[in-house]
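The values are calculated or read from the model by the stated rules, or taken from the named source; none is laboratory data. Quick caveat: nothing in here was measured; it's all calculated off a predicted structure. For neighbour counting, all protein chains shown are included, and Cβ atoms are generated from backbone atoms with ideal geometry for every residue, glycine included.
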Amino acid sequence: MTININHIDVELLNRLRENDTQAFESIYKKYWHNLYLTAFSILKGKQAAEDIIQDLFIQLWNKRATISVTISLNAYLSASVKHEVFRVIRKRIAELDSNEVIQPDKTYNAQELIEYKEFLAHTQQLIAKLSVKCQEVFVLSREDQYSHKEIAAQLNISSKTVENHIGKALGLLKNSL
């Protein structure tokens with residue numbers, strides 16, 4: 001079944017390609033709120049959701065001459081938002097990878113603490129899916145701050161095996177979150 005793009009959206013996109021700022025404003029007004037709700041429902045952060053939507057519309061304007069929408073503008077924009085949201089989440093995971101933890105001397109608001117606790121709970125669920133040995137290596141590395149060499153000596157495995165286990169765990173986290 002082929003879904004045809006909405007005729008109004010086709011007209012708006014054609015006008016957008018011709019640098020029509022009113023077409024851009026119409027698209028913005030038509031789709032901003034739902035896109036924001038999508039981003040906010042996943043990230044649970046007002047500023048992060050607003051930033052994603054702002055970046056999306058900047059990209060839309062910058063790529064207006066080459067944009068190709070084949071199904072619907074709504075589907076295109078929604079997919080773009082979800083892609084950006086998950087990119088932000090992967091970035092947060094990468095920051096976690098660099099051993100960034102909540103700092104006791106910083107003041108956090110209730111929302112940040114709730115998000116952090118939810119994030120940790122979800123991370124723990126993902127880690128529980130790993131093999132026992134992989135979990136053990138990951139916990140020693142990330143929670144106990146052991147070096148690869150220390151973990152290898154304690155578990156009587158090679159440093160390369162430690163690296164492989166940590167890589168597997170981080171890969172799972174990055175892909176799943």
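Just a few scattered comments:
- Residue check for Leu113: surrounded by 13 or more Cβ atoms within 10 Å (Cβ to Cβ), at pLDDT below 80 and under 27 Å from Gln47 (Cα atoms): no
- For the range 78-97, the count of residues that are among the hydroxyl-bearing types (Ser, Thr, Tyr), surrounded by 15 or more Cβ atoms within 10 Å (Cβ to Cβ), under 18 Å from the mean Cα position of the chain (by Cα) and at pLDDT 85 or above is at least one.
- Taken as a whole, the structure leaves Lys106 outside the set of residues that are modelled with pLDDT of 80 or more and not in a helix (DSSP H, G or I).
- Of residues in the range 128-177 being of a type in the set (Gly, Ala, Ser) and crowded, with 18+ Cβ neighbours inside 10 Å, the one nearest to His83 (Cα to Cα): Ala169
- Annotation note: Cβ proximity below 6 Å between a residue of the range 138-155 that is assigned by TED's automatic domain parsing to the domain that holds Gln125 and of a type in the set (A, V, I, L, M) and a residue that is in a helix (DSSP H, G or I) and surrounded by fewer than 18 Cβ atoms within 10 Å (Cβ to Cβ) (sequence gap 6+ or interchain) occurs for Ala152/Ser159.
- Residue list for the range 1-52, filter: over 14 Å from Tyr76 (Cβ atoms), among the hydrophobic types (A, V, I, L, M, F, W, C) and assigned to a helix (DSSP H, G or I): Ile8, Ala23, Phe24, Trp32, Leu37, Ala39, Phe40, Ile42, Leu43, Ala48, Ala49, Ile52
- Pairs, first over 20 Å from Asp55 (Cβ atoms) in the range 13-32, second exposed (fewer than 13 other Cβ atoms within 10 Å of the Cβ), C-beta under 6 Å, six or more apart: Arg17/Ala65
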